[in-house]
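One structure is given here, and the rest of the page talks about it.
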Amino acid sequence: MLTFLSNRDLEMSVLLSNERGWLLDACSFINEGFRRCYSLNKGYFRCCFKKQYFDILKPHIVSKSRSACMMGAVPNTESHAAEDNKIELKTRKKRKRKRSEMNQGELDAEVYHKKVRWLVLEGTRSLLETGHHCGYLTEDLHTVPAKQMPGHECQMAALCDMAKQLPKMENSDAPHVQAVNGHPDMDAHLDLFSCLTENPDDIAREVTLMGETYFLPPRSRFLLSDITRLQPLIRSEDKYDLIVLDPPWENKSVKRSSRYSFLPSSQLKQLPVPVLSAAGCVVVIWVTNRPRHLRFVKEELYPHWGVKLLAEWLWVKVTRKGEVVFPLDSPHKKPYEVLLLGRFSANSYSTTGAEACEIPDQRLIISIPSALHSQKPALSAVLKPYIRPNAKCLEMFARSLQTDWTSWGNEVLKFQHHSYFTTDSAECARDTFTETTDADQQVDTRVMDKSACL
């Protein structure tokens, strides 16, 4: 049965939900934290993440059977398999390798894909159909495709490497958390590498850090460091009820492109997840579609941390028209990514039956992905029912911040850079702050007409 969320929930990115999963608006979630911002120079204003980054108008690779996965239509699998096989054979010719010569990893990947294929087809149907009828996903796009927008060249990882030369702070009397002031001269003295930094205010703040301008969401906290400098996170003695990890998994394409550094799987075991976890902490990890990474998390990493695996979800990426971004049966890139969800316990066998059944298995998260590399949709709204109220939440290997979350990573402020946002004029901002609460919670016009969805 399809569920419509309240107006407030709609603003928090979950547009639709049912027993199969959720349809998200990832850009709306980001913008929710920046409806009220403050700067010493501008006063109060409002900013929005540039919508162009979520204007994915057509699939990255177009399959002849693309209508099969558009608007939730379930295809005739035999006829469309023939169409997709033509694409597969053409692609494999480019690789100069015959199908019979597939390695074990590719064979394992095909087995996994066959396992989840019907889940993706059947599970997306009702959500995409309803998203289409509500006007969120539409064929009638009059938007002129935006030119590819270059992202900000982030130098944080290099700065973290340089910071390793600094002596580690072992003074127990030193503050564990420091607050931004908003004044460039005062914030210039903040140590971002050896101390947690926070915006304690209930509104977003514009700050200047390391000579660059960033927007920090309300009540957000972060540590800029790599895996060798995690001690400030441990020293804070916070125990988290939810930990989400998006590791830079090792693979050949990453090595070739050098877009970002990768972390060998064995080093993930060094992460102090058990030390940072409260009893019953929900641990979620993004995993590539490589079977060896999935096996590693299930058979080695989670048992090493004392985390019991409870569920396996898929993030399905679609265009603004509701088409999957890659052909479902593409031999290389799939239109989905995997999330593994577990619960921490000092003794993995002590988890109660109620806890084990609490998080449902085989759910889908459907959203329009960002054009920016490795920008994942926030999971706050979909995970909220499975954690306690006022839970403490941590994201590891983060590249952005969230309200009421702590974030850690060597590029933790990457997508908070001002170049990714647009700001309203001072006049628009004054109008925004005089609006009533009811006006603040109006339903977005894209999903306003619920009668069309029934």
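The values are calculated or read from the model by the stated rules, or taken from the named source; none is laboratory data. The model shown is predicted, which means the values in this text are computed figures rather than measured ones. Cβ sites come from the backbone with ideal geometry, for glycine too, and all protein chains shown count toward neighbours. Side chains are part of the model used for accessible areas, which takes the heavy atoms of the whole protein and leaves out ligands, DNA and RNA. Shrake-Rupley method; radii C 1.70, N 1.55, O 1.52, S 1.80 Å.
Contact annotation: residue pairs with Cβ atoms under 7 Å, 6 or more positions apart or on different chains, pairing a residue in segment 191-212 that is in a strand (DSSP E or B) and among the small types (Gly, Ala, Ser) with a partner that is surrounded by fewer than 21 Cβ atoms within 10 Å (Cβ to Cβ) and modelled with pLDDT under 95, are Ala204/Arg36.
Taken over segment 284-298, the criterion of being outside any strand (DSSP E or B), open to solvent by less than 30 Å² (accessible area, probe 1.4 Å) and touching a strand residue (DSSP E or B) at 6+ places or on another chain (Cβ under 7 Å) is satisfied by His293, Leu294, Val297.
Yes/no matrix, rows are residues, columns are (1) outside any strand (DSSP E or B); (2) farther than 18 Å from Glu110 by Cα:
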{"position": "Gln267", "(1), (2)": "yes, yes"}
{"position": "Leu271", "(1), (2)": "yes, yes"}
{"position": "Val275", "(1), (2)": "yes, yes"}
{"position": "Val282", "(1), (2)": "no, yes"}
{"position": "Leu328", "(1), (2)": "yes, no"}
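Criterion applied to Ser257, Ser277 was being of a type in the set (S, T, N, Q), farther than 30 Å from Trp118 by Cβ and modelled with pLDDT of 95 or more, and the one residue passing it is Ser277. Determine, yes or no, whether Ser277 is of a type in the set (S, T, N, Q) and closer than 27 Å to Ser367 by Cα. So Ser277 fails the test.
Between Leu301, Leu339, Leu309, which is within 20 Å of Asp361 (Cβ to Cβ), touching a residue at least 12 places away in the same chain (Cβ under 8 Å), assigned to a strand (DSSP E or B) and open to solvent by less than 10 Å² (accessible area, probe 1.4 Å)? Spell out how you get there, then give the answer.
Working: Leu301 fails: assigned to a strand (DSSP E or B); Leu309 fails: open to solvent by less than 10 Å² (accessible area, probe 1.4 Å).
Answer to the selection: Leu339.
Residues in segment 123-140 include at least one that is modelled with pLDDT under 85 and either surrounded by fewer than 13 Cβ atoms within 10 Å (Cβ to Cβ) or under 24 Å from Arg235 (Cα atoms) (or both). Restricting attention to segment 218-235, the residues that are open to solvent by 10 Å² or more (accessible area, probe 1.4 Å) and small (Gly, Ala, Ser) add up to 0. Inspection of segment 53-66 finds a residue satisfying the criterion of being of a type in the set (Val, Ile, Thr) and either at pLDDT 85 or above or assigned to a helix (DSSP H, G or I) (or both). Selection of segment 259-309 for residues being touching a Leu at 6+ places or on another chain (Cβ under 8 Å), among the basic types (Lys, Arg) and under 19 Å from Arg388 (Cα atoms) yields an empty set. Criterion applied to Asn31, Asn7, Asn18, Asn41 was being open to solvent by 30 Å² or more (accessible area, probe 1.4 Å) and modelled with pLDDT of 90 or more, and the one residue passing it is Asn31. For segment 349-451, the strands (runs of 3 or more DSSP E) that sit wholly inside it and include 3 or more residues that are over 26 Å from Leu224 (Cβ atoms), modelled with pLDDT of 90 or more and not hydroxyl-bearing (Ser, Thr, Tyr) are 364-367.
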